[in-house]
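Since the structure comes first, as structure tokens, the remarks are kept for the end.
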Amino acid sequence: MINKYYLILRPPKKCYFDASFFGKNIRMNKEKNVKAYLAWIFICIIWGTTYLAIRIGVKDVSPALFTGLRWIAAGPVLFAILILRGYKLPPKKELLQLLIMAVALIGIGNGLLVFAEKYIPSGIAALVVTTIPFWMVGFDSFLPQGKKINLMILSGLVLGLFGVFLIFSGNLNVMLNHNYLIGIASLLLSMAGWTFGTLYSKHKKLSVNPLMGASVQMIIAGTIVTLIALLLGEFSSIKITHNGFLAFLYLVIVGSILSYPAYIYAVVHLPVSLVSTYAYINPLIALFLGWLVLSEEISTSILIAAVVILAGVTLVKKGSA
């Protein structure tokens, strides 16, 4: 009687090494890396401009409605483009994971950022968001496969927190304002949601193409947030101006249809520690545009805080390497 395990485990009579197959895989990996790096560079630059657009937009439209309409307008457009190009729909078993990502990244992460910018200057919001790498490292350290916090990371975290303190130390009188405190709290919850969603996206491997997954997330989150806006009665307070409409259009096309899929693609193909460094560049662009367009103040304490926070982020990055 022939042993069935022998039939399974025995080596083939002839073994060939197909170098062209491995070469093709290497080329495909290089192409993916190039696209991923280009996507990362894109969000480094473009997302710095979205803070200004959001700040302008929430002057006309309530935050939840502004957020919901933005994503519900962008999602179906991207979805239709991908369908026409032959992309496959996500399997039903992955819809729950996409729902979680959509709520965490867009609903909480972006939605609460928009709400915060109703009360906080765009440049300040962008500068505080610079601490995203701290949140990434902190959340990741609790995961079984995550990087544990060492002395260098801890030093960077302390330095970054000191930088955040410097941002608001020059505005202690404003800190007593109820609305300003609501904005700060919303911003902190926004970063927590964005961090969770990013790490979940990184560690939860899905079979759906990242771009198709992003379009589905945009539709899901846009629908949920728009329904919330409807329940809050925000549709009755719409007031569209020329600048508000341009800001909305910019966020739909550049900030959503182009940028969000680029972020998801970069997260899937690059280390999270690298992708999160988009926060280095975003605040510099946001601070400059806020000062140029909206005359937002750039004080000496804010500039010092920016240097301190970036130094802290650098230590965190080195400690996480």
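Mind counting the residues in region 271-307 that are more than 22 Å from TRP194 (Cβ to Cβ), aliphatic (A, V, I, L, M) and either surrounded by fewer than 21 Cβ atoms within 10 Å (Cβ to Cβ) or under 20 Å from the mean Cα position of the chain (by Cα) (or both)? The total comes to 7.
For GLY86, are the conditions met, namely being buried (at least 22 other Cβ atoms within 10 Å of the Cβ), farther than 22 Å from ALA185 by Cβ and out of contact with any strand residue (DSSP E or B) (no Cβ under 6 Å at 6 or more places or on another chain)?
Working: buried (at least 22 other Cβ atoms within 10 Å of the Cβ): no; farther than 22 Å from ALA185 by Cβ: yes; out of contact with any strand residue (DSSP E or B) (no Cβ under 6 Å at 6 or more places or on another chain): yes.
No: the conditions fail for GLY86.
Counting only residues that are surrounded by 13 or more Cβ atoms within 10 Å (Cβ to Cβ) and not in a helix (DSSP H, G or I), how many does region 205-235 have? Final tally of qualifying residues: 4.
I need the full set of residues from region 189-204 which are of a type outside the set (S, T, N, Q) and assigned to a helix (DSSP H, G or I), in order please.
Here is the first cut: in region 189-204, the residues of a type outside the set (S, T, N, Q) are 189, 191-194, 196-197, 199-200, 202-204.
LEU189, MET191, ALA192, GLY193, TRP194, PHE196, GLY197, LEU199, TYR200, LYS202, HIS203, listed by residue number.
If the Cβ limit is 9 Å and pairs must be 6+ apart or interchain, which residue in region 59-71 that is assigned to a loop (DSSP other than H, G, I, E, B) pairs with which residue that is among the polar types (S, T, N, Q) and at pLDDT below 90? Pairs found: LYS59/THR241; LYS59/ASN243; ASP60/THR241; ASP60/ASN243; VAL61/SER237; SER62/SER237.
The residue that is nearest to GLY160 (Cα to Cα), counting only those in region 311-321 that are modelled with pLDDT of 80 or more and buried (at least 19 other Cβ atoms within 10 Å of the Cβ), is GLY312.
Considering (1) touching a Pro at 6+ places or on another chain (Cβ under 6 Å); (2) more than 27 Å from GLY156 (Cβ to Cβ), the lone condition that ILE264 does not fulfil carries the number (2).
Can you work out which of the residues in region 241-262 that are in contact with a Phe, Trp or Tyr (Cβ under 8 Å, 6 or more places away or on another chain) and not small (Gly, Ala, Ser) is farthest from LEU211 (Cα to Cα)? Lay out the reasoning, then the answer.
The first filter runs over region 241-262 and keeps only residues in contact with a Phe, Trp or Tyr (Cβ under 8 Å, 6 or more places away or on another chain), leaving 248, 255-256, 258-259, 262.
Now narrow it down to the ones that are not small (Gly, Ala, Ser): 248, 258.
Working: PHE248: 22, LEU258: 10 Å.
Filtering region 241-262 for residues that are in contact with a Phe, Trp or Tyr (Cβ under 8 Å, 6 or more places away or on another chain) and not small (Gly, Ala, Ser), the one farthest from LEU211 (Cα to Cα) comes out as PHE248.
Contact annotation: residue pairs with Cβ atoms under 8 Å, 6 or more positions apart or on different chains, pairing a residue in region 122-138 that is assigned to a helix (DSSP H, G or I) with a partner that is among the acidic types (Asp, Glu), are SER122/GLU296; GLY123/GLU296; ILE124/GLU296; ALA125/GLU117.
Taken over region 89-108, residues that are surrounded by fewer than 24 Cβ atoms within 10 Å (Cβ to Cβ) and in a helix (DSSP H, G or I) amount to 12.
Taken across region 40-54, residues that are buried (at least 21 other Cβ atoms within 10 Å of the Cβ), under 23 Å from LEU231 (Cα atoms) and at pLDDT 90 or above do occur, with at least one present.
The values are calculated or read from the model by the stated rules, or taken from the named source; none is laboratory data. Everything quoted here is computed from the prediction, not taken from an experiment. A quick note on method: Cβ atoms are made from the backbone with ideal geometry, for glycine too, and the neighbour counts reach across all protein chains shown.
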